[in-house]
Structures are given as C-alpha cells and as structure tokens.
Ligand code: ADP
Ligand code: ZN
C-alpha cells in the first residue's frame, strides 16, 4: 500500500492562498510539477525549515470541485488506498503538464448533385461505388471517411468517386465528440430513437410517481428499481432526469460497460440534446478531456458514464442513477479498488440527492438493504406491452454427450433452434463466458499441460489455425503452440476446453450461409470495432452474435428471438462466494435479451448441472426464491451482506515468504482485533490464483461488521512492516476473492 502522499508547501511571497482544488506549480526535488491544492496543513508539528513555497497558482477557483476532492479523500480512506493515486483517478487525462489540442479535423465525404443523379442513371459504376453512393444518399450532410472505411469502403473507392465529381470531400473542424457520427442520418449506430413521447405503462407510471415523490423531498434517499428485463427502466430514468433538470439540478447516470454507454447516451441525447456528456475509458484522452471540460464549465446537465464518471466535476447533482447496479464492472480491480455504485451513494448523500439503483437481478447487498427497509423498493413485474419473458429450456449436456460424443458444443435442441431462426430471418445471441479457441493444451503422453511460466494458470489458445498462439489471460505472456510437448517431447499435444472463438468456428461450419460474428474483448481491440459490431447486429446485417457476458448486458435488440447459452457452468466451479449469484445474474440477464420486440423469445441453456438452484431459478426468473436461498448460504458461511469482508493478498518471490508474511499480518490483526467485537481473520492460505506474474500469493480474509475497525486493525498490522506493505493488496468489499 502506498503511503501518504500529501506534501506541504508554503504560500508564495504574495501571500495568496490557493483555493482547495486549484492547480498549483510546485518544486519537487529537482523538478517542477503541477499539483492540486488539497487543504491547509495544521501548523503544529511542521518543520518549517524544509518547506518550499508554491511557485504559481494556476486557477483562481477550484479546478477540481472541492466536493469531488472530498469524495476522493473519502474513497481513499474507505478503500485503504493512497490519496495520491485516488486523486489521480479523478483528474481528467493530460491535465498535468502537457497541453491538449481542443480540436481536430475530420475528413467528411458527402454526395454531390451529380452523384445523386449518377445513382439513378449512371450504368458505369462498380457495385461498391453504387453501394457507397446509396449510403451517402441517406446522409446528406456526409459521413466521416474513417466511418466509411469501417464499413468496408476502401479509400480508393471514395477517391475515384470524388474525381468523377460524385462525391465532395471536405475537412470539418470538430470538438472531439465521442458521439461522433452516431447522429448523422443514414447511419444506424444508435438504437432507433423512440418515435415521439410514448405512453408509459401502468407500472412505469406508478414507479415514476413514487420516484418523483422521493425527489420532491430534495434529500438523500436510495431507491431500488427492481424491474424484470424489458420492463422499460430506461424510459423511467429519462423521465425522472427530465424532472430533475427542469428543476435546475443535474443528473449523473452510471452504466457498467463501455458497450452500453453509446446506446444509453444516445437515448439521453434524444431528450437532452447537447446538454449530455459522456465519460468512459474507451474514449481517447483527448475526447475524455474535452468531455471533462464541458462538464466542468457547466455546459451539460447530464453525464452518462462508466464507474469513473462518479467523480465527474458536475455541480448541483439532484439525481444519480446506477443502472445494472449488481454489475461487477462497477468495481475497479486496481487501487483505488472502489465500487462506483457505493461511491455514488456517498456522493448523493453529501449532495442531498436521490439515488436510483436499477436492476432485474439486484446484488444481494442491495436487495438485503431494500427488504430491511434501508432503501425504497420500486417493483416492475412485467415487460412493456405485456411482452412475455423468454421461454427458457434447460438442456442436460450429459445426455447430449452420451448421444453426440464428448466433443459436442451445440446440443441438438440449440442447433435446431438456430436453424429455425436463420430460416425465419430472426436473430440469435450465443453466449459463452470464456474467451479463446481452446482453454488448455495437454500432452497425452505425460499428462503435462501448457502453463504460463509466470502464473499458475494454463495458457489459452487463440487465433486462426495458421497463426495460432497460446496466451495467458493474466499477464499476456504468449507463445506459438508447439508441435511437441515441451516436457516429454511427445508429439501428442491435444487442445481441450473451448471458448468463444471455437464456438464461432463451429457455427460458421454448421451454417455456411449465415452471417456470424463474435463479440468479446479480443474482437473489439480496435477502436470503433465494438460500435461497429453492435450497429451491424442492430441493423440486421448479422444473423448470429457469439460472445462473452458483453452480449448479455442491457442491450435492447428487438430482432433477437433466441438466446443460446453454450455452458451455464463456466462460473459455477469458481472458489468464490459470489459464484452462484453471478451465474444467476448472467443467465437471467442473457435470457432477458430474447423476445424484446414483437416476436416472443426463447432461451436455451446448456448445463451439466440442470438441478443447481441458480440455474433452475434463473430459468424460472424467480429472483425472490434465489435471494432467499442464497441468503441462507451467506448467513451460514458468514459472507456479505451479513458481514463485511476485506480481502488481503501478500505477494512474494517464494511461496513460503508469501505465507510467512501473511501469517504475520494475520497474527497482528488477531491481536489488535481480539478485544473488539466480532472481527474474524481467515488464513493465511495460498490465494486461488497462487502465482501471478512471477510472484507467489498468499491470502487472508477479514470478516466482521465494523469495517472501520477491520480496516484500522489491518492497516496497523501492515504498517509495522514497510517492505511487506509494498507487496500487499487490500480489497475492501471485494467483488471477487479470486
Ligand atoms: P429494461 O432496461 O427494463 O430491460 P428497456 O428500458 O430497455 O428495458 O425497455 C425495453 C424496450 O421497451 C425498449 O425497446 C424500450 O424502448 C421499450 N419501451 C419502454 N417503455 C415503453 C412504453 N411505455 N411503451 C412502449 N415501449 C416501451
Ligand atoms: Zn501469465
């Protein structure tokens, strides 16, 4: 854990005091750096002799609003992180030092009058040229050339048409607008905008009225909107946000995934126009900076973003919405290990704002607080327009293996159902929450496996047959898949287990005419690839989309009538107390993607454990029963939400050093905690991921009901050994303990 990194400086000779949150230029060693003024140091105990003066104050007022600085300091303390690294997380990119260009130019192609004529009458056009002109006909103000490239039009095609006078090229000066071309007519990157104000359903109206009453109190409140998938929660958020902005206050909307930000932002843009900003890590530094400045200047009323947007410099917040509040991506898995949802609640508390937590599958923590009366609970039990929830079929894969052999990926039911969808021209989603082609390589002669040299995991095979590589999903080590076993030199290497790439290949082989694509972290590395995939799917240019949990969340694809789950069991075997909860959420969410349009939906869930309660209850979409069942388990095992936990992992060069250091911490925490209440320490034990990036890892788990006491006992125990402190990771309220 990094130590305290506040530094003390004297005010400059003119005696001017910087505002809290203002940027200051200060000497640091032999360098001069930009810092943020955090507050006045206490006079007592300061050695004045060593203190250097501030060189320059860059802002008259706070650059980072004081409220956000306070929030960052709370976050640092609560999550036992360094204040410096926490503050860095709330700064806009590139504000330290380097200047950022506020503008860039964009090359735009638009159809000319001659071009319009040519589409109708000119026979001497290639198919591609004609296609491009037709696309441009639908976008009279033009389309940016990078977007044309993304849609498969070569630069040369554009140039040739320009030379013939059918297309005009121009350079537009643009604010780096991350919404980009999404609102150019003729493109279909955004979901179809709702056509005029629609009538809310009875349930929506009732929900909105209750939330409105909570707003009227103008005081801190938390409401859980527990609505089944497709119950129209987004519509409620937008209306509520309108009420808040009309009353002169601002709205912060958090979404879990980058994949969801453009869609949600587009919906908000339809209502709030330019007064929306977006913030997420998928934007370039420049775009993020521009958006941050717009918020800071007060040019927007609504901010839509992923977890770090909780620190957006938005003033006068009246409402914070956390959509899909149960989602694990709200938790940052590096220091500061904060949960955006929980920081949002603290921010709202300080701002006297209403928090709306939305989910079809609330986290156990949130639901527990709702049933114990800490949170208001607003329920939506039905889908809009009385669309039925998808009919879910569980397929026992043991029977399929018996019938089709052990290599079967698609059950007969799923294979047939996809086939029917293709014939009917309807779309299917196919989920497998595991990336790669094969998940292990093993030797049939010596039973050795191809493992990462740095981590205690097996390598995952990726890529086309010709360029196949084995990669570590943790440290990114990669190597060619060898022809012989590296251990015994035997030639019998076999690939086992399968991931999304293999499913994609299997589907392409089974349905040669179908348009099939894959959506996972590997397939969206290139900037813009994600938007492009989603928009192609939405526009009906794809029949089947295979992917990881990224396809399960939030998306509204009206043409999807089938969801196939290749293996519901992927997360169940993990040694994590949230394994069942996560499985339940993922299955419920993905099943919720089917049947959101006119046609009813069906979900087919393949599993080896058809009787497992999280699979059974997800398929019946019975959240309450799942909650009751899971809560019993958490009670019996003393896990959240009944107690809090702090996960601690100590890294060292050898296994025994890691275990010894962890044992010492355990001992000290026990000594400090003994007289105080109900703190219990489990461990030390080898961490489930016992070796990572060349280091061994030992784990201890602190359980109790008083987080502050738990944290203080741990921090004191660690502080006793500065060398161990540097190798220790502390995770307060962990989402995963792996
Ligand atoms: P949820 O977030 O609860 O899963 P969405 O907000 O995505 O559901 O809504 C599901 C679908 O229903 C969307 O296509 C949305 O545009 C549509 N919808 C929402 N409210 C209404 C309404 N009152 N009338 C008609 N369609 C609606
Ligand atoms: Zn590795």
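The values are calculated or read from the model by the stated rules, or taken from the named source; none is laboratory data. Predicted model only: the values in this text are computed from it and were never measured. With ideal geometry, Cβ positions are generated from the backbone for all residues, glycine too; neighbour counts draw on all protein chains shown.
Annotations
- When residue 379 is tested against (1) more than 18 Å from residue 561 (Cα to Cα); (2) more than 16 Å from ligand 1 (Cβ to nearest atom); (3) surrounded by fewer than 19 Cβ atoms within 10 Å (Cβ to Cβ), only condition (2) is not met.
- Filter pass, residue 229 being in contact (Cβ under 8 Å) with a residue 12 or more places away in the chain, under 18 Å from residue 273 (Cβ atoms) and more than 16 Å from ligand 2 (Cβ to nearest atom): no
- Any chance residue 563 is surrounded by 19 or more Cβ atoms within 10 Å (Cβ to Cβ), within 22 Å of the chain's Cα centre (by Cα) and part of a strand (DSSP E or B): yes
- Among the candidates 651, 697, 711, 672, residue that is touching a residue at least 24 places away in the same chain (Cβ under 8 Å), touching a helix residue (DSSP H, G or I) at 6+ places or on another chain (Cβ under 7 Å) and not in a strand (DSSP E or B): 672
- Any hit, the stretch 637-647, residues being over 27 Å from the mean Cα position of the chain (by Cα) and either assigned to a strand (DSSP E or B) or more than 19 Å from residue 576 (Cβ to Cβ) (or both): no
Here's the yes/no breakdown for (1) part of a helix (DSSP H, G or I); (2) surrounded by 23 or more Cβ atoms within 10 Å (Cβ to Cβ); (3) within 16 Å of ligand 2 (Cβ to nearest atom):
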| site | (1), (2), (3) |
| --- | --- |
| 208 | yes, no, no |
| 215 | yes, no, no |
| 219 | no, no, no |
| 224 | no, yes, no |
| 238 | yes, no, no |
| 253 | no, yes, no |
| 262 | yes, yes, no |
| 266 | yes, no, no |
| 270 | yes, no, no |
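- The listed residues are 499, 463, and the only one of them that is under 27 Å from the mean Cα position of the chain (by Cα), surrounded by 20 or more Cβ atoms within 10 Å (Cβ to Cβ) and either within 16 Å of ligand 2 (Cβ to nearest atom) or under 30 Å from residue 514 (Cα atoms) (or both) turns out to be 499.
- Residue pairs whose Cβ atoms lie under 6 Å apart, separated by 6 or more positions or on different chains, with the first residue in the stretch 370-394 and under 19 Å from residue 417 (Cβ atoms) and assigned to a loop (DSSP other than H, G, I, E, B) and the second modelled with pLDDT of 90 or more and away from ligand 1 (no atom under 16 Å from the Cβ), are 390/602.
- Subset of the stretch 125-165 that is farther than 18 Å from residue 113 by Cβ and in a loop (DSSP other than H, G, I, E, B) - its residue that is nearest to the chain's Cα centre (by Cα): 151
- Scanning the stretch 361-392 for residues being at pLDDT below 95, within 21 Å of residue 626 (Cβ to Cβ) and either in contact with a helix residue (DSSP H, G or I) (Cβ under 8 Å, 6 or more places away or on another chain) or within 16 Å of ligand 2 (Cβ to nearest atom) (or both) gives a total of 5.
- Checked against (1) touching a residue at least 60 places away in the same chain (Cβ under 8 Å); (2) under 24 Å from the mean Cα position of the chain (by Cα); (3) outside any helix (DSSP H, G or I), residue 334 meets all criteria but (1).
- Taking the criterion of being assigned to a strand (DSSP E or B) and either near ligand 2 (Cβ under 9 Å from one of its atoms) or in contact (Cβ under 8 Å) with a residue 12 or more places away in the chain (or both), the residues of the stretch 445-460 that qualify are 451, 458, 460.
- Scanning the stretch 272-317 for residues that are in a helix (DSSP H, G or I), under 22 Å from residue 527 (Cβ atoms) and without any contact (Cβ under 8 Å) to a residue 60 or more places away in the chain returns 294, 307, 309.
- Only listed residue being modelled with pLDDT of 95 or more and either within 16 Å of ligand 1 (Cβ to nearest atom) or surrounded by fewer than 18 Cβ atoms within 10 Å (Cβ to Cβ) (or both), chosen from 722, 716, 652, 663: 663
- Test: residue in the stretch 403-420 that is under 27 Å from the mean Cα position of the chain (by Cα) and assigned to a loop (DSSP other than H, G, I, E, B): no
- Test for residue 405: is it surrounded by fewer than 18 Cβ atoms within 10 Å (Cβ to Cβ), at positive phi and either touching a residue at least 12 places away in the same chain (Cβ under 8 Å) or within 16 Å of ligand 1 (Cβ to nearest atom) (or both): no
- One residue stands out among those in the stretch 568-617 that are part of a helix (DSSP H, G or I) and more than 22 Å from the chain's Cα centre (by Cα): the one that is nearest to residue 382 (Cα to Cα), which is 617.
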